[in-house]
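Accompanying notes for the structure given below.
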Amino acid sequence: MHNPSEEMMRTSITIIVAMLLSATTTSNAQVPTPNPPAPSAFGVDPLIRVTSVFRAKIEGVADLRDVPDIKAQEAVRKSLYDMAENECAILAAALKAECRLSNITMIAPLVPSISPTPPAITATALYELKPRR
């Protein structure tokens, strides 16, 4: 004769054992591995990485709550690209190294701001420098 409470207990034990085995298997599968080096503009291993942040105001905004004009945003982005290029030249001269801009990210206002400061675009540039031999 099957006792319903015994049957429920066996089922519960079976489920608990299955869950424990599953958790054990999962934890054993998560073996830490060393992180591979990040890709580089120079190949495998650049010696110096520098991050610079630039910010430029968007001119010609009559009301600070307005989204800036597309042409004004383009002018500021071009200015920021020029700044990033000049920064690479400055870094190369200062550190006596070959410089490459490996990444640039720009953040522009997408919506009107309630801030009293004029809208601006911020750029973050990542440079890789390899000492000259």
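The numbers here are math on the coordinates, done by the rules we state, and not lab data. If you're wondering where the values come from, they're calculated on a predicted model, not measured in any experiment. Glycine gets a Cβ as well: all are built from the backbone with ideal geometry, and neighbour counts include every protein chain shown.
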Next item on the list: Pull up the cross-link candidates among the lysines for residue 96, meaning alpha carbon to alpha carbon under 26 Å and not fewer than 8 places away within one chain.
Entry: 130
Next item on the list: Please give the FRET efficiency for residue 124 paired with residue 74, using the beta carbon to beta carbon distance and R0 = 22 Å, rounded to the nearest 0.05.
Entry: 0.70
Check: What distance in nm separates the simple spin-label points at residue 85 and residue 98, each placed 7 Å from Cα in the Cβ direction?
Finding: 2.0
Checklist line | Efficiency of FRET from Cβ geometry, residue 133 and residue 105, R₀ 41 Å, rounded to 0.05 | finding: 0.85
